[in-house]
Every structure is written in C-alpha cells, then in structure tokens.
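A short reminder: the numbers here are calculations on the coordinates, not readings from a lab. Model, not experiment: these values are computed from the prediction. Every residue, glycine as well, gets a Cβ built from its backbone with ideal geometry; the counts of neighbours run over all protein chains shown.
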Amino acid sequence: MYIVILGCGRVGSTLAALMAEEGHEVVIVDRNSDSFRRLKKDFKGRTISGFGIDSEILKKAGVEKADVFVSTCTGDNTSIMAAQMAKKIFKVPKVMARIYDPIRAEAYKKLGIETYCPTTFGAMVIKNTIEEKDVNVEKIGELLERGSRT
Amino acid sequence: MYVVVAGGGKVGYYLTKRLIEENHEVLLVEKDKKKCDRIAEELGEVAFRGDGCEVRTLEEIGTERADVMVAVTGDDEDNLVICQMAKFRFNVPRAIARINNPQNEDVFEKLGVATTVSSTKIIYNLIDQEVDSEEVIPLASLKRGDVEVVEVKLKEGSPVVKKQIKDLHIAGDAVIATILRENEIIFPRGDTTLEVNDTVIALTVTEKEKVLRERLVGKR
C-alpha cells in the first residue's frame, strides 16, 4: 500500500516505521524537518518537509495515488482540514485523522472522516486500570462506541 | 442580525467595531485572555473568551441563532473548522472565512465553505491592476474578485470611438453595462455608437480584463 502520513511526532514517526517495516511504501510529511530525527536512520520511506494543508505539498507527497492517508498533526484543525482534503479532493480511499478533542472527533466522524481520539481512549484505559478491570483493547473499542452513541 | 466574529486580531476587532456602529448584535470570540480583555475594555461587552473551534464555546454563545459566522483568525485551518461547525452543526445560514493561502479558496469551496476572503488575492489583484492600467478603473469586485466592474473613459485615439457596440468583438469576454455621456445614461444596444469622452461601465471576468482594455484603450 502507498501510505501518506502527516506529522512526524511520536505517533506519526512510530506508525511510519511500523508500516515501512511491513514493506509498505510510506511518505511522511512534517512542516519542521527537525522532526524527522525521530525516524531511525534505516527508515525506508520518504520524508517531505512542508505544511500539510498545502495542496502542492500533498501532491508532492503523492496523495493522488495514495491508498491510505493518516493525519497526526499537533493541531486538531490542521489534521481535520488535511484529512478532508485527502478524502474529498484527492479521493484517497482510506483516510484517518487523530483528533484530541473528543467533540470535534465525533463531529467529523459524522461528516465522514474516520477519526481516532486518544483523549477518550486514554482516559478509558486509565479508568479501567484504576478499577482493576481487564484492559482489553477490543472491549474499550466497544465501550467507546457505546459512549459515542449515547 | 446576530453576527459571531471568531478571532480578535486586527481584522476581527475592526469588523466588530463596524458592526456595532451599524447596530448589529455582535459577539467576538477570542481565546487569548489579554486580547479579549483589551477588546472588552474598548468595545464593551462584546468580547467572549473562548475557542471558536470548540463546540462548547459555540453552544455557550448561542451560535444556533446566529445569522452569520465570520472566521477571521490568522490560521486557515481554524477558520475552516469554525465555519464548518457553524454551518453543519449549528445550521448558521451564512459563514464567511478569511483565508491566507489563496489556493485554499478552492479547497474551502469543495469542503462546504464557499464564501471566503483572501487579502493576499485582493492585494495582488490591486497591484496587478495598478501596474497594468491607469485607464481602466476597477469599481467593484464580485464573486470574491473573479468578476469585476470597471470604468473606462474613452479618449481621443481610442480604437472604438465611432464604432458600434456589436463591432467591438468582446462577446464572451465582457459586457458593456452602461455608457455615461455627459449627463445622459445610455443602456447600450448593438447599434449604439461610442463617442470620445464616453465613460464605459463594463462587467468582465478578471482574467479577461486585459482583453477588454486592449479593445477599448488600444494596445500599448
């Protein structure tokens, strides 16, 4: 698969490394080229420095032929805008955005962007640990689904 | 009208001030405490401290009854989200976004926010016009600067003097809306003849302005 990842922070760089190791073609974009230091020297993917909501940068990253687009920018709105550009303008089949704000994550899920909210997820994991419940990722997924439905 | 202005920079500040003067109900949302306090000091109870991108803030300020949402922060992505939230979640009938990167005009339109203002584009267009033409005076920009109303004073030596409108060959590039001749206003027809000192008011698309100028003023 051809995967474009936006944001080379902890999540972005880790994801990029994982996908590249599995043999996928990975391009990672960050506006600060310094961020690429998080990647290992033997990283097989491509790096591009530039602002992720600039169509020209996205095209340079090959968004037009991408199978997957993931935005993990620090700013929620940058992630939201980039994800929408990937989905609605460049027609990437699978688009995912990491969004910290649970309300925005839910709102854009309704607008058709697949969102992942580490805030809710993290809080659930911690809560379950405190309550000494079985920390089971699938279970948390179910709880979250139920939570967003109520 | 109830207008919500998101972003308390200079654009937001002066816009709010103007709207108050015009007796509109207006609320300015700004997340920075210092900026917010200063605006409140100068303009009164119209500043609300909060993040315009957050649904909670938008709920608190009664966005659902707003007639217009104006997002004028310095970041395009924030302005997009503010306008989308206002339109899609709170059903605000009009949302206007300021954009910095002129390329985003297209992006915003495709993502559901069709009304955008780009100062970069406006200033560029002005420079372009100033440099290119003294004879063609822009009167108004429509459709965010894509369509223009211009005024041309026909001088001695203009290639169109004594010519009829139908012989101008501007169809597809521009429309002559009105001719001002001394105290007379003429709505031209194909057989109207142009005279020296006529002021021609024409409607054209920005990229065809040059064609229009060449026809009416002559090539330089």
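What the table shows:
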| quantity | calculated |
| --- | --- |
| Given charges at Cβ of Lys, Arg, Asp, Glu: the protein assembly as shown dipole, positive-most of B:Val5, B:Asn183, A:Ile48 | A:Ile48 |
| The stretch B:100-118 residues near the modelled B:Ala140 label - backbone nitrogen below 20 Å, point 7 Å along Cα→Cβ | B:115-118 |
| Distant alpha-carbon pairs in the stretch B:133-217 (separation over 17 angstrom), percent | 40 |
| Cα Rg over Rh - the protein assembly as shown, Kirkwood | 1.10 |
| Distance histogram in 10 Å bins (all Cα pairs of the stretch A:1-70, percent per bin) | 24, 60, 16 |
| FRET efficiency for A:Leu111 and A:Met1, using Cβ-Cβ distance with R0 set to 35 Å, rounded to 0.05 | 0.90 |
| Relative contact order %, chain A, counting alpha carbon pairs below 8 Å whose residues are six or more apart | 18 |
| Relative contact order for chain B, counting Cα pairs under 8 Å that sit 6 or more residues apart, in percent | 13 |
| Assigned charges on the beta-carbon of Lys, Arg, Asp, Glu; chain A dipole about Cα centre (debye) | 340 |
| Violating pairs (Cα-Cα greater than 27 angstrom) within the set B:Lys17/B:Lys208; B:Lys17/B:Lys210; B:Lys17/B:Lys87 | B:Lys17/B:Lys208; B:Lys17/B:Lys210 |
| Exposed GluC sites (Glu not before Pro) absent: longest stretch of chain A, with sites in DSSP loops and at most 12 other Cβ within 10 Å deemed exposed | A:23-130 |
| Compactness of the stretch B:52-165 - radius of gyration and Dmax, Cα, Å | 19.5, 66 |
| Debye intensity ratio I(q)/I(0), log10, the stretch A:2-116, q values 0.17, 0.21 Å⁻¹ (C-alpha model) | -0.72, -1.10 |
| Efficiency of FRET from Cβ geometry, A:Ile89 and B:Arg94, R₀ 25 Å, rounded to 0.05 | 0.60 |
| Computed E for B:Lys210/B:Asn183 - FRET, C-beta separation, R0 35 angstrom, nearest 0.05 | 0.65 |
| Environment charge at B:Tyr14 (Cβ cut-off 15 Å; Lys +1, Arg +1, Asp -1, Glu -1) | +2 |
| For the stretch B:2-122, alpha-carbon Rg relative to the globular expectation (2.2 N^0.38 Å, N residues) | 0.97 |
| Interatomic Cα distance distribution for the stretch B:1-60, bins of 10 angstrom, percent | 26, 58, 16 |
| Geometric extent, Cα atoms of chain B - Rg, Dmax (angstrom) | 22.3, 66 |
